[in-house]
Amino acid sequence: MPKSPHKPLIWLPACHRHLDLNDPGGYSVLADRYALAVTALGLQPVLFPMAEAEDVPCLLDFVHGVLLTGSPSNVEATHFGATALATDLLDPRRDKLTMRLVREALERGVPLFGVCRGLQEMNVALGGSLHQAVHEQPGLLDHREPPDAPLEVQFAERHDVLLEPGSRFAHWAGGTRACVNSLHGQGIKRLGEGVVAEARAPDGLVEGVRVTGAPAFAYGVQWHPEWRHEKHPFYERTLHAFASACREHMEVREEA
Ligand SMILES: N[C@@H](CCC(=O)NCCCC(=O)O)C(=O)O
């Protein structure tokens with residue numbers, strides 16, 4: 001069967017930041033490391049600046065996968081029935097978009113991969129909740145990165161994750177244990193509908209999930225597999241599994 005000459009298009013939702021206090025308009029930003037990882041997989045990252053929730057059904061027609069990126073901003077607690085912390089950096093436009101994007105991508109069988117904030121968005125969009133400050137929860141570790149350290153230190157492997165035997169996570173890791181990076185202050189509290197935990201930190205915090213019943217690839221991780229993935233077989237295999245799912249989705253769509 002001839003393989004398509006095209007690159008699968010992967011939607012990476014923007015984050016909205018006020019980078020210039022003299023410019024109240026703000027900026028739509030995407031950390032290059034996500035786009036670089038997508039490009040290294042032979043995929044084409046796409047960004048839809050100003051995309052709103054109501055645009056999602058139409059825009060999904062143009063892409064073959066969705067990668068929900070990380071961000072220093074927190075999913076607003078109002079999305080899971082709580083009150084935002086005064087210290088929260090928020091991105092309501094991103095929240096509104098991704099709550100719709102998660103549900104629509106799952107329903108339509110568009111491969112979906114959530115990274116860090118993206119995992120949290122998947123869980124909340126499916127009715128789950130988050131710890132707003134994991135490090136303040138009795139019995140849970142501090143999962144945040146050292147704030148002023150160099151990136152190599154911030155993204156260094158920090159704790160093990162215990163992987164569900166027989167899961168695709170275990171297959172990608174070549175075992176039921178792996179060491180991953182950790183750069184987050186929120187974390188999964190109550191799992192959303194159809195969200196199953198398949199990776200946990202030593203303190204029990206859910207760090208990797210699969211959405212059951214999803215017609216296509218539907219995984220989320222709290223760690224950052226895009227970081228130095230070429231040197232980390234577990235990260236690399238995870239990303240390639242997502243890429244294969246996106247390529248397959250594109251080829252099926254092209255044959256239709
Ligand atoms: N703000 C949330 C999500 C954390 C997260 O996505 N970290 C990634 C930061 C680096 C980047 O911008 O990609 C939380 O704290 O849990």
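Restricting Arg117, Arg94 to those that are over 20 Å from Pro8 (Cβ atoms), within 13 Å of the ligand (Cβ to nearest atom), out of contact with any Ser or Thr (no Cβ under 6 Å at 6 or more places or on another chain) and touching a residue at least 24 places away in the same chain (Cβ under 8 Å) reduces the list to Arg94. Number of residues in segment 203-216 that are in contact (Cβ under 8 Å) with a residue 24 or more places away in the chain, away from the ligand (no atom under 16 Å from the Cβ) and out of contact with any Leu (no Cβ under 7 Å at 6 or more places or on another chain): the value is 4.
Conditions tested, residue by residue: (1) of a type in the set (A, V, I, L, M); (2) not in a strand (DSSP E or B).
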position: Val153; (1), (2): yes, yes
position: Ala156; (1), (2): yes, yes
position: Asp160; (1), (2): no, no
position: Gly192; (1), (2): no, yes
position: Val209; (1), (2): yes, no
position: Ala214; (1), (2): yes, yes
position: Glu230; (1), (2): no, yes
position: His249; (1), (2): no, yes
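Residues in segment 98-107 that are open to solvent by 10 Å² or more (accessible area, probe 1.4 Å), hydrophobic (A, V, I, L, M, F, W, C) and out of contact with any Gly (no Cβ under 9 Å at 6 or more places or on another chain): Met99 alone. The residue of segment 82-91 that is farthest from Arg253 (Cα to Cα), among those that are within 13 Å of the ligand (Cβ to nearest atom) and open to solvent by less than 80 Å² (accessible area, probe 1.4 Å), is Leu85. Here Val110 meets the list (1) open to solvent by 10 Å² or more (accessible area, probe 1.4 Å); (2) away from the ligand (no atom under 16 Å from the Cβ); (3) within 18 Å of the chain's Cα centre (by Cα) almost entirely, failing just condition (1). Taking every residue in segment 55-69 that is part of a loop (DSSP other than H, G, I, E, B) and pairing it with any residue that is of a type in the set (Gly, Ala, Ser) and within 16 Å of the ligand (Cβ to nearest atom), at least 6 positions away or on another chain, the pairs with Cβ-Cβ distances below 7 Å are Thr69/Ala31; Thr69/Gly118.
Of the residues Phe169, Phe155, the single one that is within 13 Å of the ligand (Cβ to nearest atom), more than 21 Å from Phe80 (Cβ to Cβ) and modelled with pLDDT of 95 or more is Phe155.
In segment 27-45, of all residues being open to solvent by 30 Å² or more (accessible area, probe 1.4 Å) and of a type in the set (A, V, I, L, M), the one that is farthest from the ligand (Cβ to nearest atom) corresponds to Ala40. Scanning segment 168-205 for residues that are surrounded by 18 or more Cβ atoms within 10 Å (Cβ to Cβ), of a type in the set (S, T, N, Q) and touching a strand residue (DSSP E or B) at 6+ places or on another chain (Cβ under 7 Å) yields Ser182, Gln186. Screening segment 120-140 for residues that are over 27 Å from Gly194 (Cβ atoms) and either away from the ligand (no atom under 13 Å from the Cβ) or of a type in the set (Asp, Glu) (or both) and picking the one that is surrounded by the most Cβ atoms within 10 Å (Cβ to Cβ) gives Glu136.
Residues that are among the β-branched types (Val, Ile, Thr), more than 11 Å from the ligand (Cβ to nearest atom) and over 26 Å from Gln44 (Cβ atoms) within segment 65-81 comprise just one, Thr78. Does Glu145 satisfy being more than 10 Å from the ligand (Cβ to nearest atom) and either more than 11 Å from Gly192 (Cβ to Cβ) or not in a helix (DSSP H, G or I) (or both)? For Glu145, the condition - more than 10 Å from the ligand (Cβ to nearest atom) and either more than 11 Å from Gly192 (Cβ to Cβ) or not in a helix (DSSP H, G or I) (or both) - is not met.
The values are calculated or read from the model by the stated rules, or taken from the named source; none is laboratory data. A quick note: this is a predicted structure, and the numbers were derived from the prediction, not measured. Every residue, glycine as well, gets a Cβ built from its backbone with ideal geometry; the counts of neighbours run over all protein chains shown. Protein only, heavy atoms only, side chains kept; ligands, DNA and RNA dropped before computing areas. Shrake-Rupley method; radii C 1.70, N 1.55, O 1.52, S 1.80 Å.
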